[in-house]
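Encoded as structure tokens, the structure appears first; notes follow it.
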Amino acid sequence: MNEGVEWALHSCLNLAWIGPERAVTAARLAAYHELPAAYLNKQLQALTRAGILTSTSGPKGGFRLARPLDRITLMDVVTAIEGPEEAFRCGEIRQQGPGAGPADGYAAECAIAGAMGAAELAWRRELAARTLDGVREQAERQAPSAPDRIRRWFANV
């Protein structure tokens, strides 16, 4: 998974703490974590295309959450950033090289591909079961001052 997923998740939480009344630019969101603005903007645009954020242009433009955190799963964000493709793709290398034999000598599914597919399914189910609201609650338990600190920082434009 690329770092864009982490950046997107943090941006969503920051936008939730800032509140729906204020749009925030990609540059401002990037500055908070000292990230490259152009790259973060690509992640934010992907979240917008997925319906997780909304984007408005102009002097008061920027990004806002498109729906409440309890309606955004971790899988929604991962899929928006990484795409829907499976993380593991079996290239059937077992059928290459000196150990290769006739195709009928192999099971219908590679045992490695089967194991990786089952693990990925469990991972995807877990991400789909967790919302950003649950992550927000945990973050606030771990760092109770974070929401106020973030709101104050973003208020200083």
Quiz item: What's the carbon and sulfur percent of segment 1-126's accessible surface, probe 1.4 angstrom, rounded to a whole number?
Solution: 57 percent
Exercise. Heads up, I need the accessible area for Ser145: 1.4 angstrom probe, whole protein in place, Å², nearest 10.
Key: 70 Å²
Self-check item: Span-rule helices in the chain, defined as complete DSSP H runs reaching 20 Å or more along the axis (Cα) with Kyte mean at least 1.6
Solution: none
Practice problem: Before anything else, pin down the relative contact order of segment 53-157: Cα pairs under 8 Å, at least 6 apart, normalised by residue count, whole percent. | Solution: 34 percent
Quiz item: Candidates (i) 11.1; (ii) 12.0; (iii) 9.6; which is the computed mean projected area of the Cα convex hull in nm²?
Solution: (ii)
Quiz item: Starting at 0 and stepping by 10 Å, how many percent of the alpha carbon pairs of segment 106-157 end up in each bin?
Solution: 20, 24, 21, 16, 12, 6, 1
Exercise. Take the Cβ-Cβ distance between Gln45 and Glu21 as r, set R0 to 25 Å, and report the resulting FRET efficiency rounded to the nearest 0.05.
Key: 0.70
Practice problem: Please work out the C-alpha center-to-center distance from segment 110-157 to segment 30-87 and express it in whole Å. | Solution: 14 Å
Quiz prompt | Solvent-accessible surface ranking, highest first, for Leu9, Leu121, Leu69 at 1.4 angstrom | solution = Leu121, Leu9, Leu69
Quiz item: Hey, got the Cα dimensions of segment 1-55 along the principal axes, in Å, largest first?
Solution: 30, 24, 16
Quiz item: What does the accessible area of Glu137 come to, in Å² to the nearest 10, when a probe of 1.4 Å is used?
Solution: 80 Å²
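Enter the accessible area per residue of segment 1-52 (Å², integer; probe 1.4 Å; all protein chains in place).
47 Å²
The values are calculated or read from the model by the stated rules, or taken from the named source; none is laboratory data. Note that the coordinates shown come from a computational prediction; the quantities given were computed from them, not determined experimentally. All Cβ positions, even for glycine, are placed from backbone atoms using ideal geometry, and neighbour counts span all protein chains on display. Note: accessible area is taken over every heavy atom of the protein model, side chains too, but ligands, DNA and RNA are not part of it. Shrake-Rupley method; radii C 1.70, N 1.55, O 1.52, S 1.80 Å.
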